[in-house]
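These notes are about the structure you will find just below.
Every number here is computed from the coordinates shown, using simple stated rules; none is lab data. Quick caveat: nothing in here was measured; it's all calculated off a predicted structure. Every residue, glycine as well, gets a Cβ built from its backbone with ideal geometry; the counts of neighbours run over all protein chains shown.
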Amino acid sequence: MSDITKDDPINDKPMSLMEHLMELRARLLWSVGTFIVMFILCYYYSAQIYGFLARPLADILMAQGAGAGDRRMIFTALYEAFFTYLKVAFFGAVFFSFPMWATQLWLFIAPGLYRSEKRTIMPFLLASPVLFVAGAALVYYFIFPLAWHFFISFETPAGAGTVAIQLEAKVSEYLSLVMHMILAFGLAFQLPILLVLLCKVGILSVDSLRKGRRYAIVGMFVVAAVITPPDIISQVGLAVPLILLYEVSILLASWMAPKPAKLDPD
């Protein structure tokens, strides 16, 4: 953080412990209330949201030609479809209410920060949702079509003396996989924020990031193999963007990290 001087004030007014607790209560009520409203709205539109999440698979099945429109997804328990829509509503509510959570958290802690600290933190707060949406968009529009096409390619048509092998995906399993992938990519795309912030506060340095590049690349492929399905498309599709984001982090850290003080020659 920047050095704190007299020109770097804290814009806060003295508050008692009870006043702080009351303010925290108000912030929590706004956050929880927004989540409840978003949950109700998302449950009302849960079929449309699920249709959006299933669109990459539906497009591939429809592209297979005649009869593809008869393909279906199934549920094998009476309550499975109901709980799937609840998961859809919860997932949507978390996504759409996150800006309110972040805003209320910032309004609670910002008065206790120095002006320089606010200037330091604000770019990271603005970049975080943008990077999360970028990761979610990458997996939805690029990785899903490639990965689903790869998995469906293992279907086997019926032949003489053989039984056809055909996909009939369960709605709950498909939703769990999609949400897992979206969250994994969205969180993984927070890498630049984490690395630049660590360099900014002095825990890491730009030189350490450069020297650890080879180990970081190996680690990213390991992470991608752990948090994605066991196919090369998803793993490479996550590892390669992470490597690029790592290089971007080095550039940003070189620009934003505090420069070492120069010694006056005597």
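A few notes on this one:
- Dipole-positive endmost among Ala102, Ala54, Ala147 within the chain (Cβ charges, Cα centre): Ala102
- For the stretch 152-207, taking the reciprocal of the average inverse distance between every pair of different Cα atoms yields a Kirkwood hydrodynamic radius of 15.5 Å.
- Spacing of the two label points (7 Å from each Cα toward its C-beta) at Met62 and Met256, in nm: 4.1
- FRET efficiency, 1/(1 + (r/R0)^6) with R0 30 Å, evaluated for Leu107 and Val37 via beta carbons: 0.95
- Lysine pairs in the chain whose alpha-carbon atoms fall under 21 angstrom of each other, counting only those eight or more residues apart or on distinct chains, come to 9.
- Mean Cβ count within 10 Å, highest first, over the residues of peptides 137-150, 204-217: 137-150, 204-217
- Label-to-label distance, Tyr141 versus Glu19, with points set 7 angstrom from Cα along the beta-carbon direction: 4.8 nm.
- Applying 1/(1 + (r/R0)^6) with r as the Cβ-Cβ distance of Val236 and Arg55 and R0 = 25 angstrom yields a FRET efficiency of 0.60.
- Between Arg213 and Val94, the modelled label-to-label distance comes to 3.6 nm, taking each label 7 Å out from Cα in the direction of the beta carbon.
- q = 0.11, 0.13, 0.16, 0.22 Å⁻¹, the stretch 159-255: log10 I(q)/I(0) [Debye, one scatterer per Cα]: -0.44, -0.56, -0.73, -1.09
- The stretch 60-183 - Kirkwood radius from inverse mean 1/r over Cα pairs (Å): 18.4
- Remark: the chain carries a charge dipole of roughly 220 debye about the Cα centre, counting +1 on each Lys and Arg Cβ and -1 on each Asp and Glu Cβ.
- Fewest neighbouring Cβ atoms within 10 Å first, the residues Ile60, Ile36 line up as Ile36, Ile60.
- The charge dipole of the stretch 96-232, taken about its Cα centre with unit charges on the Cβ of Lys, Arg, Asp and Glu (plus for the first two, minus for the last two), comes to roughly 840 debye.
- The chain: radius of gyration and largest Cα-Cα distance (Dmax), Å: 24.1, 92
- For the peptides 247-253, 28-34, the ranking by mean Cβ contacts within 10 Å, running from highest to lowest, is 247-253, 28-34.
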